[in-house]
Amino acid sequence: MPRDGADIVRRMPDPVAIVVLEGDQTGQELLDQALRVLEPEVIGAPLDLRRFDLSLQARRESDNAIVHEAAAAMRDAGFGIKAATVTPEGADDVGSPNRILREDVGGRVIIRTGRRIPGVTPVAGVHHPISIVRMAVEDAYGAEQWREGTSGADDEVAFRTERITRGTCRAVAEYAFRQARRMGGRVYGGPKWTVSPVYEGMLKEEMDAAA
């Protein structure tokens, strides 16, 4: 019992920092709605939402400095939630903020998990969740690209030089098998190693080792 009739004070936990990366168009609208379910009265805990404007206009005005600042904040906080953003097509424009964020925070894996929608008949009788695990960096993301020949002519040639490291292949492969263990599922690999034994064969080797 409290002494002297003092009230019991329920102390709220310290706020958890989450970096909010604002975006463009409907992406921002969806983010605003997603944040509604994180209100303290909903989840019962306070949050420290640290906002960064990653709209196309803000990225252009800062020459992507705002993206690097957001990535640094994500490294410190450990959590981030991002709206969809516009990636301009021009080679001389600001490019993809997703690529910059992944590189700055050291992210190597992208995962997308699809779950069955109640009342919707699944294709081919597949009822279990399916997770797609793929590389977040290197490969086509960092490829050097160029063209040679006469523009628009039949002899114009497009080139692309890609690179991957064994460390990234290993991270992706091992994450895929850990995800499968959590889900009670199987891993199906996608490297075209029979055609590209040197390049895509490296991922195949790491998938075999992870298995």
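The values are calculated or read from the model by the stated rules, or taken from the named source; none is laboratory data. Because the structure is predicted, anything quoted here is derived from the model rather than measured. Glycine gets a Cβ as well: all are built from the backbone with ideal geometry, and neighbour counts include every protein chain shown. Quick note on the areas: whole protein, heavy atoms, side chains included, nothing else; ligands and nucleic acids left out. Shrake-Rupley method; radii C 1.70, N 1.55, O 1.52, S 1.80 Å.
Below, the figures for the structure above:
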{"read-out": "Residue count for the stretch 120-147, restricted to those that are open to solvent by 80 Å² or more (accessible area, probe 1.4 Å) and either closer than 19 Å to Met202 by Cβ or not in a helix (DSSP H, G or I) (or both)", "value": "11"}
{"read-out": "Tally, over the stretch 148-166, of residues that are surrounded by fewer than 11 Cβ atoms within 10 Å (Cβ to Cβ) and either touching a residue at least 12 places away in the same chain (Cβ under 8 Å) or not aliphatic (A, V, I, L, M) (or both)", "value": "10"}
{"read-out": "Qualifying residue in the stretch 81-88 (condition: polar (S, T, N, Q), in contact with a Gly (Cβ under 9 Å, 6 or more places away or on another chain), more than 19 Å from Leu31 (Cβ to Cβ) and free of Cβ contacts under 8 Å to residues at least 40 places away in the same chain)", "value": "no"}
{"read-out": "Qualifying residue in the stretch 76-89 (condition: over 30 Å from Val187 (Cβ atoms) and exposed (fewer than 13 other Cβ atoms within 10 Å of the Cβ))", "value": "yes"}
{"read-out": "Residue match in the stretch 55-63 (condition: touching a residue at least 12 places away in the same chain (Cβ under 8 Å) and closer than 15 Å to Arg102 by Cα)", "value": "no"}
{"read-out": "Candidate set: the stretch 90-114, residues that are part of a loop (DSSP other than H, G, I, E, B) and more than 11 Å from Arg59 (Cβ to Cβ); chosen: the one least open to solvent (accessible area, probe 1.4 Å)", "value": "Gly107"}
